[in-house]
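To start, the structure itself, in structure tokens.
The values are calculated or read from the model by the stated rules, or taken from the named source; none is laboratory data. What you are looking at is a predicted structure, and each value in this text was computed from that prediction instead of being measured. Please note: Cβ atoms are built from the backbone with ideal geometry, for glycine as well, and neighbour counts cover all protein chains shown. Note: accessible area is taken over every heavy atom of the protein model, side chains too, but ligands, DNA and RNA are not part of it. Shrake-Rupley method; radii C 1.70, N 1.55, O 1.52, S 1.80 Å.
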Amino acid sequence: MGEKMQGHNMVAVRGNGHPSSKRKYPWLTKGFIWKFLALFTLVGLFACKSTYDYFDADNRERRVETLWSMCDERARMLQDQFNVSVNHVHALAVLISTFHYNKHPSAIDQQTFAEYAARTSFERPLLSGVAYAERVKNSERAEFERQNGFTIKTMEGHPSPIKDEYAPVIFTQETLSHIQSLDMMSGEEDHENILRARSTGKAVLTNPFPLLGSHNLGVVLTFPVYKSKLSLNPTADERIAATAGYLGGSFDVESLIKNLLAQLAENQPIVVNVYDVTNSSDPLVMYGTKQNGDRSLVRISKLDFGDPFRKHEMICRYLREAPTPWEALGLTGAELVIWILFALIVYIAGNDIIKVEDDLLKMKELKIRAEAADVAKSQFLATVSHEIRTPMNGILGMLALLLDTELCSTQRDYAQTAQACAKALISLINEVLDRAKIEAGKLELDAVPFNLRSILDDVLSLFCEKSRNKNIELAAYVSDKVPKIVIGDPGRFRQVITNLVGNSVKFTEKGHVFVRVVLVAQAKAAMHAKSGMWHEEEFKGAPHSDDCHYNTLSGHEAADDQNIWDTFKHLIVDEDSQKDCSSNVFKGDGFLQKVSLMVSVEDTGIGIPEPAQNRVFMPFMQADSSTSRTYGGTGIGLSISKCLVELMGGQIDFISHPQIGSTFSFNVDFQRCDTVDVQKSLCEDIPTAFKGLKAIVVDGKPVRASVTKYHLKRLGVIVEVAGSIKAALDLNGRNGTLVSRHEQQADMIFVEKDLWITNEDGSLDVRFLEWKQNGLKLKFPKLILLATDVSTGEFERARAGGFSDTVIKKPLRASMVAACLQQVLNSGKKTQGKVTGNGSSLLGGLLNGKQILVVDDNIVNRRVAAGALKKFGAIVECAESGKAALDLLQIPHNFDACFMDIQMPEMDGFEATCLIRAMESKANDEMNEGCCCNDRIGMRRQCHHLPILAMTADVIHATMEKCMDSGMDGYVSKPFEEENLYKAIVKFFEPEHISNHCKS
């Protein structure tokens, strides 16, 4: 307690220290803040003005780019559409030249031209009509008028006066039939256009004029038509000489532009005007609106309609004035707000900087206090652990001593009940402390070799009485592929298995609790394997699944199907086909040293209600309040199991159905142990006399028969399985035939009680059955009954039926089965091999006469330890403090070992141990400097080293490492049991250990 109080005082001193109160920014004053704000405001206004100008200029630039893009796009599309129509007119001119002048007679007349023009008018949507005028010289006029039946007229409708040549219209589209016979050269502008067209060979345009009917502005396009094919580069005279006529078409320019603008409607409408600027001083309007629009921004796009003589332009401007630059205003306003907020932050920060510094200093102080509180919490747990475990050690120890005295049945019952309650209380304390260590991240796992199968046997032994009282099957199965020795934390693995099995036994009233350990790869392969034929050689005469309600261990329905026979049998077949796999698969490269195990605990209990399944792993939570009242418990076991499994690198999960049962499964990774000496030392202490014996297991439930076979194979017994006694007899006599000389007869037949009771052969008196082989009588094999519980009547009936006097009661464990077989077989012959009891008696003599010092400040603990050691023949002396122990252990002394409590007044166990080791080291140095005796006694005096074992209830701080650092040789945690105390000390008195220590 002195050590703990010193620790608390140290924390208090650290927490009360006052940090420095010096300001980090002494120059920060209110005057400085106001000057900084004034300068900051000016800079902010200038920055906002710059931001507005930047974004407004950007908006203007985008507005200009948008207008230019829109105007150029409309000009390009108008020009493209006009050119398409021009190309169609040109094609029609080529058609006339080809089929009217180069064909004799002509293939074109008025009707053909009108019909063709009408059918192809959809290709020229911009033309209101087309017409063809033939070139007629004055000398040819009379003949022309006679052939065509009309007089050449002027544009006004009067007969054309005499001139050098004419251009009367002979072919027209129906829409222009009124201009037939009109001389296209009678107008001054038309005359110039025709002359220019035939001399250049290109299309020419007229000035804009109102079109008949629509009154829209339009132009006439004129194309020359030549009689003969021209050379590649003809002269103007050659073109004029070859001219045969003129093809003209009228364009409705205004409708064309309106349709184009309708197709390109935008969110920002624009005003479009098209001008003929051939005469730049007097431009002619081809298309225009009366809307003014935004005259501050204008875009002029050039137009090329194919007539190099005429020039056209498209002028565009926005219909509406430039909108208010809300984006620039918004961004500027946002920036202004940011500047204001920043100024406000600077102002507030400046005024509160001293307060912030004060808060920082307070936070540092609170941090120190929080760290001190965490230390205090750990010290509190250590104190609680020590203060509770110390009296519990006295209670359990005194009860153990009391049970070794002569008591009547009532007294013994009372003492055993008190002992069970005390163990339950210490178990609860351990769970709470484990949970606290897990939350604090201070729980560390060991990595030591251990025998996994022995741990499962020990766990089954803990719950064998409960399972027998409930008459439920409790069994464990470990795959042959799982290595015998693995490296991990055996204590935590045992704790998880104990928690899961304890819960299953607690909540199961009928059926079974089944623990299965296989490789992860095995479990996956078995679940995905297809259901096949029964493994006949392994299970002769077994009933079909219809004879049992469910093909599980006990025949009761389980929560899932991973342990039903259809899945389980694939594990058996796989193991038999690869018997040596477990010894070879993990050798070689380093990554193959890992052993991934899948552990499942299946029960047929009450199950977990669906609403409660999501809180199963929460600490101190149960399904409902009735569960705690009916079955007891705190609900912390599963929470700790989940944490431990995750610490071991695995995951835990479960499947549960109400009133059917639950199956908890978890995977965990261990390392394989390849050290031969370690494997030998940890191998199960099982007699070897049964190796090579043959047995037949008679059981109607194949899963349960496989479990029995597994335990017998651990003893070296050769096992076959049958579904009935008759099938077993057939196996032994091969269907009634005689056994050959070289074939081994069964030595034992194991029969399940439920099958024996319900089997029709159960009443057969088999004691008088004999087999004859070459005239020799062979005795019937030993009949052994397997049962969870047997009544007196059933036992007598079994004896009368020929069964042995020994009944093997479940759950099966290798050591228990070996002891029962020794009793059965010893009646006929002596067995060879080691007996488990001999080892205990041999080791028990190692403490006989040894002088052991027990150091503890608690008188009850001294009495408990002394009483336990005296039972093994040791001579015990006690000391109440480390200082007293130091006086007793002055060299030379006669003590052979010492148990040292850690927390004691005046001088704790660590300090006392350090001083003892210092004395021993000094004595050894002095003796080594002097003469050395060669006898045994002299040798022993040269190696002064008293085995000192720590004895404490502080399970949080008193770790093995700390004990070893102080010079101790071992560690015993309170409350301790006699067996643990004995195992901790006896190893120091084994001859091999003494010899090795002296040599070192």
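Going by the alpha-carbon gyration tensor, a ≥ b ≥ c the square roots of its eigenvalues, is the stretch 380-491 rounded (a/c under 1.5) or, if a/c is not under 1.5, prolate (a/b greater than b/c) versus oblate?
In terms of gyration-tensor shape, oblate.
Hey, if we sort TRP326, TRP27 by accessible area with the 1.4 Å probe, largest down, what's the order?
Largest accessible area first, the list is TRP326, TRP27.
Hey, rough spin-label estimate for THR112 and THR200, points 7 angstrom out along Cα→Cβ, what's it come to in nanometres?
Taking the two extended label points, one gets 3.2 nm.
Around LYS470, with a cut-off of 11 angstrom between Cβ atoms, what is the net charge of the other residues, counting Lys and Arg +1 and Asp and Glu -1?
Net charge around LYS470: 0.
Going toward the positive end of the dipole of the stretch 300-359, with +1 on Lys and Arg Cβ and -1 on Asp and Glu Cβ, which of TYR347, MET314, VAL337 do you reach last?
Sorting the options by dipole projection puts first MET314.
Tally up the carbon and sulfur contribution to the accessible surface of the stretch 181-336 as a whole percent, 1.4 Å probe, everything protein left in place.
Ligands and nucleic acids excluded, carbon and sulfur reach 54 percent.
Using only the heavy atoms of the protein chains and a 1.4 Å probe, how would VAL876, VAL513 rank by accessible area, largest first?
Largest accessible area first, the residues go VAL876, VAL513.
Suppose R0 equals 45 Å. What FRET efficiency, 1/(1 + (r/R0)^6) with r the Cβ-Cβ distance, do LEU402 and GLN671 give to the nearest 0.05?
Efficiency for this residue pair is about 0.55.
If the chain between ASP53 and ASP413 were fully stretched, how many nm would it gain, using 0.36 nm times the residue separation less the Cα-Cα distance?
Between ASP53 and ASP413, full extension yields 119.7 nm more.
Placing unit charges on C-beta atoms (Lys and Arg positive, Asp and Glu negative, everything else neutral), compute the dipole magnitude of the stretch 146-225 about its Cα centre in debye, rounded to 20.
It works out to roughly 200 debye.
Rounded to the nearest 0.05, what FRET efficiency do ALA38 and ALA334 have when you use their Cβ-Cβ distance and R0 = 22 Å?
0.45
Sort LYS870, LYS709 by heavy-atom solvent-accessible area, probe 1.4 angstrom, most to least.
The ordering from most to least exposed comes out as LYS870, LYS709.
With every protein chain present, what accessible area does TRP68 have (1.4 Å probe, heavy atoms only), rounded to the nearest 10 Å²?
Its accessible surface works out to 110 Å², give or take rounding.
Could you tell me the accessible area of LYS701 in Å² (1.4 Å probe, neighbours in place), rounded to the nearest ten?
Surface open to solvent at LYS701 totals about 30 Å².
What size of dipole, in debye to the nearest 20, comes out for the stretch 182-312 about its Cα centre when the only charges are +1 on Lys and Arg C-beta atoms and -1 on Asp and Glu C-beta atoms?
360
I need the calculated FRET efficiency for the pair GLU465 and LEU888, taking r as the beta carbon distance and R₀ as 41 Å, to the nearest 0.05.
0.40
Dipole size in debye (nearest 20) for the stretch 185-236 around its Cα centre, Lys and Arg Cβ +1, Asp and Glu Cβ -1?
Computed about the Cα centre, the dipole is about 380 debye.
Measuring with a 1.4 Å probe in the full set of protein chains, what accessible area per residue, in whole Å², belongs to the stretch 885-924?
41
So how many Lys-Lys pairs in the stretch 298-379 land under 29 Å Cα to Cα, not counting same-chain pairs under 8 apart?
Going through the stretch 298-379 pair by pair, I get 6.
Let me cross-check LEU67: its accessible surface, 1.4 Å probe, with only protein heavy atoms counted, in Å² to the nearest 10?
0
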